[in-house]
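The values are calculated or read from the model by the stated rules, or taken from the named source; none is laboratory data. None of the values given here were measured: they were computed from a predicted structure. When we count neighbours, we look across all protein chains shown, and the Cβ atoms used for this are built from the backbone with ideal geometry, even at glycine. For accessibility, only protein heavy atoms count, side chains too; no ligands or nucleic acids. Shrake-Rupley method; radii C 1.70, N 1.55, O 1.52, S 1.80 Å.
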Amino acid sequence: MKRHTHVLATAVCTAALALTAVACSASDDTLSGGAATGSAPKDDGPAVDGGTLRIGLDRPFTKLDPADSGLTSMPMMILANALYDPLMANADNGAVQPHLAKSFTPNADATAWTLELPEGVTFSDGKPLDGQAVVDHVNRLARPEAKCSCAVDAASIGAMTVNSPTSVGFALKAPNAAFPNLFTRSLGYISEAPAGPDTPAVGSGPYTVESVQPGVSATLVRNPGYRGPKGHADKLVYKVLPDTDSRYQSLRSGDADLVWTETPAQYKQAAGDGLRAATGPGSTSTVLFNTKAAPFDDPKVRKALQYAVDRSAVERVVHLDQGKVADGPIGSTSPYRGTADTGYPAHDAAKAKALLAESGHADLAFDYLVDSRPEAQQRATVLQQMFAEAGVRMTIKPLDQAGLGTAMFQRQFQVMDFVTSMFGDTDTALTSLFLSDSPYNFTGWNNPKAARAITTGHGTVDPAQRARAYQEAAQEIVADVPMLFLTENPVGFLASAKLGGLPDVSKRTVVSVSPAVLWVKK
């Protein structure tokens, strides 16, 4: 497959697949961003081979293995995509397309799927990446000892059958019209198991590991046996730079060529500093309610706080007009969006006060859990002021990421800040966050009407029926308020002027880029 060929075919594929099953093959443009632009990036000149590309990561990694879900988080996919070619990849406007896979097709009721692989694909050690390798990989990540969050997804598979070296059949426990979406990250980064606890898993990507210090750095070199066009850079050097400001300064000083950021002020500052940006609408800011505990088991209390928030002001103050207001679980670029109004109410502090009085909570007070990032703290402060206008006392309780995660999964909170990329994939967001039996239903919300709509949409390959079902669920979610939706925010990369090939990801709800398409200008 070529990076910049089959553009017309890819465009047709994107339109067809945005709402239905994945049945045709995409080019490598899916990860390069070429499908979004249809051409090479402007003003970059011809691609340059050679040299070292230096990339700043925003978080540490414990091991180079798709079993580590941290490695396949959106900011870390720039590393994962170097080592492990995903079977499926996120394309524009929430679509999912084949990358390493040739096709992924369902039966009539989406209870069985067939994966077709290209012939002759090998891991970097020369062993075949065939149907059996796919089954072995999924089985490995499904085991408890792998500690992969993807085990929840793997558990939806009833049986796997190797039909041939290039074909695998999946029999599902329940209909799932979005089953290929599960193979864009950990389950789709097909790999051989690591030889030991401190060694990387073996992948089939454009680069292989030369050296690694978990949590600190990794150096990668070209994979000589790679199936596609070689990566432009001879070497990739990744350094973990968790401090937001330090990471930005490393780019300004020339110590890094590319860094990840989600900080609105840096996006505004970048152009003045001679830097370039590649961002997409990949993050949604929300507020979670613990609906299993008083007073937030009362929909009137939750509705009151929904009225109390001026989402436009949150976007303007916290995100500096870099994003847009959110109005429900179906993002503005989702293929399921449609034209139906979700019914999200406008800001009305008087209405908020009235509802609190009706519910017997005119003197409402609660703790708000949030992490220490500057934009998160600022968002909490803005909300605190808005709730105060409705007579509500909100106490901000900062926690580190580990503490916040524990509180969320164990539902040890009243109200908490929740910024996530999950809404970039509507199918995953709805089934994960709003079905009562999901381990990711952090709010504890149980709404049979919404559950029926989500299950109906998830189980049909008919695009119109699926969209209608999801829109019905979205309206119920907004009306019953298990969470507040605040803003859709840009996330992505900043790069030095020396970096070439930086793709257009402006329509990507999941920003996934292969470093193989990037180069360092001489």
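Accessible surface computed residue by residue for the chain, with neighbouring protein chains in place and a 1.4 Å probe, gives 38 Å² per residue. Calculated mean residue ellipticity at 222 nm for the chain: -8000 deg cm²/dmol, from DSSP H runs with n ≥ 4 weighted as -39500 (n - 2.57), summed, divided by the residue count and rounded to 500.
Magnitude of the charge dipole for the chain, about its Cα centre and with charges confined to Cβ atoms of Lys, Arg (+1) and Asp, Glu (-1), is about 360 debye. Across segment 492-522, the residues whose backbone nitrogen lies under 20 Å from the label position 7 Å along the beta-carbon direction of Thr52 are 495-500, 515-522. Across the chain, Cα pairs under 8 Å and at least six residues apart give a relative contact order of 23 percent.
Among 237-250, 156-169, 417-430, the peptide with the highest mean count of other Cβ atoms within 10 Å heads the list, and the full ranking is 417-430, 237-250, 156-169. Pairs with C-alpha atoms separated by more than 19 Å, drawn from the list Lys324/Lys507; Lys292/Lys324; Lys173/Lys449; Lys102/Lys147, are Lys292/Lys324; Lys173/Lys449; Lys102/Lys147.
For the pair Gln378 and Ala340, a Förster radius of 22 Å applied to the C-beta separation gives a FRET efficiency near 0.10, rounded to the nearest 0.05. The DSSP beta bridges internal to segment 366-522 are antiparallel in roughly 20% of cases. Bridges between two residues of the chain, per DSSP, are antiparallel at a rate of about 80%.
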